[in-house]
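Have a look at the structure below before the remarks.
Laboratory data are not the source of any read-out in this text; all were calculated from the coordinates shown. All of these numbers come straight from a predicted model, not from anything done at the bench. Glycine also receives a Cβ, built like all others from the backbone with ideal geometry; neighbour counts cover every protein chain displayed.
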Amino acid sequence: MFKVGIIGPEDLVEQSFVIAQQYKGVEPIKLFYKDEEQTMELIKNNNSLVDGFLFTGFLPYYETQKSNITKKRLFYYPILGTSLYRVLFVMKVHNGIDITRISIDTLNSEEVREVYREIKLPDENLYINERGLTQFSREQYINFHRSLYESGKTVAAITAINSVYERLKKENVPVFRVVPTLYTMRETFKLIEAASFTHIAENNQIIIQIIDIKDYNINGPRLSSMEMRQKKLALYQELLNYAGNYRASVFPAEGDEFIILITKGIFREYTNFYEEIPMIYDIEKKLSMAVNMGIGMGKSALEAEENAREALLLSKKKPGSNAYIINQDKKVIGPIGNGESLNFALKSDDKNLLNWAEKTGLSISTLTQIESLLKKLQRDRITATDIQEGLGVTLRTANRIMNKLLSGKAAERIGIEQPVYRGRPRQLYRIRLKDRV
């Protein structure tokens, strides 16, 4: 049984407690606060009583994760687009508020405006606080909403922070709180239950997969908006099947994205120790869709998501469907499953490699990709064409990399290689990255 302390305002904690009863592997403990600043005290007083903590809001989660006050497993409810749709519906339908003249905090500006475009409402008179929760200042948030309302620029406010919500209510500013949907809550408890089943609490690591639709119809005609929605729903069903089979949780996100939470042990088994991701091929075969996938590992959900986002950017640079993994040490694996996967690093403490990076002007990422390519080829000599094919870059870029290696004395010309078939002879180089600088 995984004992989880639920930290948040009373209404959300009570609601979470009721939902938790549906999961046999979870034993919930109520930990109310009236103010987010009470979070640290709650953790100190209950740290020895629980296996982990669930935060009903991101801010207390972030502050706890940053403080290193506990080594216990941390969870939080992500705020997704469906939560914003719901609060806008309540404001418009139940309260008759003009939702085109409101102020919003903590949510991403582009994501908010995308929601408004989808529901075909103007967004010119929206005021969105661009300051993220990592720069949180309660008074700044309160002043932001209050000043806009008092000046007549807005008629109501939306906040994701409970203390801001309570304060604005006291000051008679019409305010509504963005809260997680029931679906989000249930999916989070599924993850917590999976943590108890797979002993992820001891492992202290989760994996986040972010899937983005690259092409709705591979090599086919352009689809209508209705057909695209139908295919997106079909993809969602495919991901739900995957989640059901592997004790994962899937969340539809903004745009064409889906987020999947899964335990490391199960994911490692599913991918045959990160050699392949069957899901990508299943999606292509069944739905004729191409997808990009970024997979992040970390000791916290925040770290895992940041790494997944970086991995997704790498995936988008490659043609077709593919996936990349970035782990908590910033080591990169990818593209996965096409036989061309390389392991490389985004950062390194290797002084020799750092010296080579300084001498050549090449990044640690590029140098470790070359090392991985040499290991895969099982030799220390290479051509620019090998770099082109191995790193998935243009020949011009490969030649530029080779010239930098030469100028930094990390490579030396040793001869010429004649292609098996007709073609120009290629310069052959020995790479000296293993030599001491």
Between helix 109-118 and the chain: long-axis angle, C-alpha atoms, 0 to 90°, nearest 10: 70 degrees
The chain: angle of helix 58-67 to the longest principal axis, Cα-based, in degrees nearest 10: 60 degrees
Residue-by-residue Karplus 3J(HN,Hα) for segment 98-106, coefficients 6.51, -1.76, 1.60, Hz, glycine and proline x: 6, 7, 8, 10, 9, 10, 9, 10, 6
Cα shape, segment 140-222, gyration tensor, a/c 1.5 rule: oblate
Helix axis angle, 182-198 relative to the chain longest principal axis, alpha carbon, degrees: 60 degrees
Ranked packing of 376-386, 322-332, most packed first, by mean Cβ within 10 Å: 322-332, 376-386
Over the chain: helical MRE at 222 nm, DSSP H runs n ≥ 4 each giving -39500 (n - 2.57), nearest 500: -13000 deg cm²/dmol
